[in-house]
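Chemist: Dumping the structure here so I can ask a few things about it.
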Amino acid sequence: MCSVCNFDVLCLNKKKTYMIKKIIFIFLKVIKLIFEYFNDFLDFCFYSNNGLYTKKINRLKYSILIEAHRIEKGLVLPKTKIFFGEKLFENLTNLIIELLKINNLNCMEVHKVYNALNTYLNFHMKKKINLNQNQKKIFEKVLNLKKIIEENSNKISPESSIKENNFFYDNKLDFKDYLLSRSSSRIFSDVLIKKGIIENIINIAKRAPSQCNRQSSRAHLIQNKQVIDKILSIQGGANGYSEDILNLFVISNDLSAWQGPQQRNQLYVDGALFSMMLMLGIQSENLVSCSLNLAVKNSDEKKIKELASIPKSERLIMLIAFGEPKYTRKNIVAGSPRKKNNEILSIQR
């Protein structure tokens, strides 16, 4: 065999060896990825809200928080529906009775419910409505739940579930107070935010930290009302105020920036940091915002990406509705109480 033929055979063998090694390498990475996602799956099965090992008290407290937030949210809509939430009060009563069986009611979650109930009652009393039979039943449910809380907890002072947040008229706020003034607002004016202001917002958002300074987060601005309405109908969490949303950011993160099983969740961490900085950027322009979760199926995520012209290589993080406040002197927001520091902070020295 000639030397040329030997060389060709040698090159072919090297190429085959390289391809085999590459296939093995890819196969091992896929196996590792499957293993990591399988462990994520097990964690979800064991420790999510309905997980096998989740403590009942944790499950109840988070469920109570979510239901109480629905009352707060209903009270700060542009057009609050009269006597909303009949089933909601039934659910809350059942949850709180279940909590009472295993724990006292002296916790932030129940305090939040108590505030929401008082604000709900005050809202309707100011309307001076002649109650029909169904409305009387709803009022009785609210009063009954309020009584259960009062009788089974330490004396708590009712606070309003809503507050006025007019940070943009107070130029004397220091940085700490400015950050503490941030709240989600759901009442927007009918003004489209101009490109120059959007650029200012992005200039702040892009200062968000990212792993290895990847800067893989993306902000897709939608100002086409028809597209916004279609996206929000898929998201499903903006009922009652979606008609007022004319400016919407769809936040995503580029999958191509990440590799290996150990980085499978990092795009969500980086995307969340970017989103928070974006909302602070919105606030810096004397605008208000509301973050909207994107807990959707893959098929729904695909639909949103198609509507917003987002590449397939990006994963969605959240939606952020924003704009000028509709009532600049009376910006009403939910006044949710916060957990105590010792429920959040763990110190090890």
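Chemist: For the stretch 167-323, report the translational diffusion coefficient in µm²/s to the nearest whole number, using Stokes-Einstein at 4 °C, 1.567 mPa s, and a Kirkwood Rh over Cα pairs. Could the numbers behind the result be given before it?
Modeler: On the way: Rh = 16.2 Å.
The calculation lands on 80 µm²/s.
Chemist: Given all pairs of different Cα atoms, what value in angstroms does the Kirkwood hydrodynamic radius of the stretch 15-150 take?
Modeler: Value: 18.3 Å, from the Cα pair sum.
Chemist: If you look at just the Cα atoms of the stretch 52-116, how large are its Rg and its Dmax in Å?
Modeler: Using the Cα atoms of the stretch 52-116, the pair Rg, Dmax is 12.7, 41 Å.
Chemist: Just want the ordering: Ile26, Ile66, from fewest to most Cβ atoms lying within 10 Å of their own Cβ.
Modeler: Exposure proxy ranking, most exposed first: Ile26, Ile66.
Chemist: I need the helices of the chain that pass two filters: whole DSSP H segments spanning 30 Å or more by Cα along the axis, and mean Kyte-Doolittle score no lower than 0.5. Provide the component values of the computation, followed by the final result.
Modeler: Details: long enough: 3-47 (65 Å, 0.74).
Length and hydropathy pass: 3-47.
Chemist: Another question about this same structure. For the chain, set up a GNM with springs between Cα atoms under 10 Å and report which of Val113, Val227, Val250 has the largest fluctuation.
Modeler: Comparing Val113, Val227, Val250 in the GNM, the peak value goes to Val227.
Chemist: Here's something else I'd like to know. When the helix-only estimate is applied to the chain (DSSP H runs of n ≥ 4, each -39,500 (n - 2.57), divided by the residue count), what is the mean residue ellipticity at 222 nm, nearest 500 deg cm²/dmol?
Modeler: Details: 11 runs with 182 residues, N = 349.
Result for the chain: -17500 deg cm²/dmol, rounded to the nearest 500.
Chemist: So, counting K/R as plus one and D/E as minus one, what does the shell of residues with Cβ under 15 Å around Glu140 add up to?
Modeler: Residues close to Glu140 contribute a combined charge of +4.
Chemist: Say we join alpha carbon atoms closer than 10 Å with springs in a Gaussian network model of the chain; which of Lys21, Lys61, Lys312 then has the biggest fluctuation?
Modeler: Lys21
Chemist: Round to the nearest 0.05 the FRET efficiency obtained for Tyr37 and Ser256 when R0 = 25 Å and r is the Cβ-Cβ distance.
Modeler: 0.85
Chemist: What is the set of long-range amide H partners of Ile317 at a cut-off below 5 Å, with H atoms built 1.01 Å from backbone N?
Modeler: Ile251, Ser252, Asn253
Chemist: Running a GNM on the chain with Cα contacts under 10 Å, which residue among Thr80, Thr54, Thr17 ends up with the highest mean-square fluctuation?
Modeler: Thr17
Chemist: Moving on. So what's Rg/Rh here for the stretch 201-280, counting alpha carbon atoms and using the Kirkwood radius for Rh?
Modeler: Radius of gyration relative to Kirkwood radius: 1.04.
Chemist: In Å, what Rg and Dmax follow from the Cα atoms of the stretch 269-349?
Modeler: In Å, with Rg to one decimal and Dmax whole: 16.9, 50.
Values in this text are rule-based calculations from the coordinates and carry no lab data. Owing to the predicted nature of the structure, the values given are computational and were not obtained by experimental measurement. Note that each Cβ is placed from the backbone with ideal geometry, even for glycine, and that neighbours are counted across all protein chains shown.
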